[in-house]
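Beneath this line is the structure, given in structure tokens, with notes to follow.
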Amino acid sequence: MKNILIIGSNGQIGTDLLTKLREKYSHKQVLASDIRPPQKTDSNFVYLDATDATAVRQIVKDHQIDEVYLMAAILSANAEKMPMKSWDINMQVLFNVLELGKEGLIKKIFWPSSIAVFGPHTPRVQTPQYTIMDPNTVYGISKLAGERWIEYYKNHYQVDVRSVRYPGIISWKTLPGGGTTDYAVEIFHEALKKGHYTSFLAENTRLPMMYMPDAIEATINIMEAEPQRLHIDSAYNIAGISFTPKELAHAIQVYLPDFKIDYKPDFRQAIAESWPESIDDTMAFKDWHWQHQYDLDEMVKDMLEHLSEQYHKNLNLVS
Ligand code: SER
């Protein structure tokens, strides 16, 4: 019987991860924690400011935690608005957890990296696992530094940390907050609410994305992989679907023919242009059989199915 702690359980990925891990284990074994209160009352939730090392240690001890999923971070667009604060938060929360691993208080850690570790000189198409990494955003710099540190803690202190470079994650349960790839979630809500969306990225900006069920699958699979299978001590490239705002709009128009999109790129355009268009995830496939399931149409259909219910809209989803 192991005990798991999710830090950032009310965030976009934390919400779905919590549900899945509780299905897999039990409600009791998976402790939820966040700086924000949960939407529904949860008997296994604790308030936690993960930048507070003492508080993290106390919770880990009190609840005899074996594994931590560290899902709290300031995303790319928000981090650009408060560089020093975001750097401090993103690094501090990581060190707080890594140190507990070093002391042997926790046995395994999941910490997500991101496609933001890449930069303008990185080959943009089918970006390889090992390549030029010159991120030019605060978020990307913190993720790349984080990757170096998890490898350091693994090699020097035998801390078992697992990581993947998430692409933009698309989901219907919880909105993302402050990322550059958020347009790909907002577009669905606006399409259903108003029939119209103004994209903050230009129409032909291709980015690597992934539907939430695939992201959760990758997260749990890498955590459960036999350690000897894992040959990368930093973070694995994982790929899902790559598309542009225009292609996503077309895929939505299959089901909502009256949906309209226009484009007003803002400061996030430059961030997007410094990131890859698509990702080569051969290493993840080789080491732990990673493969995504959802393609663009399946993702769009599933998103519309769930969100149309939320917005009380009747949609004919047979294309
Ligand atoms: N989705 C993230 C962002 O846009 C990238 O990891 O910041």
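Just so you know, all these numbers are worked out from the coordinates, no wet-lab data involved. Treat the numbers as computed from the prediction; the structure is a model and nothing was measured. We place every Cβ from the backbone using ideal geometry, glycine too, and count neighbours over all the protein chains shown.
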- Query: When you scan segment 19-107 for strands (runs of 3 or more DSSP E) that lie fully inside it, which ones turn up with 1 or more residues that are among the charged types (D, E, K, R) and under 22 Å from the mean Cα position of the chain (by Cα)?
  - Reply: 30-34, 67-70
- Item | Single unsatisfied condition, Leu98 versus (1) within 16 Å of the ligand (Cβ to nearest atom); (2) buried (at least 21 other Cβ atoms within 10 Å of the Cβ) | (1)
- Quickly run through segment 266-319 and pick out the residues that are over 19 Å from Thr180 (Cβ atoms) and acidic (Asp, Glu). Asp280, Asp281, Asp287, Asp295, Asp297, Glu298, Asp302, Glu305, Glu309
- Query: Among the candidates Glu203, Glu186, which residue alone is in a loop (DSSP other than H, G, I, E, B), acidic (Asp, Glu) and under 19 Å from Leu256 (Cβ atoms)?
  - Reply: Glu203
- Note on the structure: Being aliphatic (A, V, I, L, M) and in a helix (DSSP H, G or I) narrows Ala251, Ala239 down to just Ala251
- Task: Would you be able to say whether some residue in segment 302-315 is within 18 Å of the chain's Cα centre (by Cα) and in contact (Cβ under 8 Å) with a residue 60 or more places away in the chain?
- Result: yes
- Message: Among the listed residues Ala202, Ala191, identify the single one that is buried (at least 20 other Cβ atoms within 10 Å of the Cβ), in contact (Cβ under 8 Å) with a residue 24 or more places away in the chain and not charged (D, E, K, R).
- Response: Ala191
- Among the residues of segment 242-278, which ones are under 18 Å from Lys194 (Cα atoms), among the small types (Gly, Ala, Ser) and in contact with a Leu (Cβ under 8 Å, 6 or more places away or on another chain)? Ala251
- Can you tell me which of Gln58, Gln39, Gln92 is touching a residue at least 40 places away in the same chain (Cβ under 8 Å) and away from the ligand (no atom under 16 Å from the Cβ)? Gln92
- Considering residues that are part of a loop (DSSP other than H, G, I, E, B), within 22 Å of Lys2 (Cα to Cα) and acidic (Asp, Glu), the number found within segment 209-236 is 1
- Task: Could you list all residues from segment 150-172 that are out of contact with any Lys or Arg (no Cβ under 6 Å at 6 or more places or on another chain) and surrounded by fewer than 18 Cβ atoms within 10 Å (Cβ to Cβ)?
- Result: Glu151, Tyr152, Asn155, His156, Gln158
- Restricting attention to segment 180-199, which residues are more than 9 Å from the ligand (Cβ to nearest atom), among the β-branched types (Val, Ile, Thr) and within 21 Å of Ile13 (Cα to Cα)? Val185, Ile187
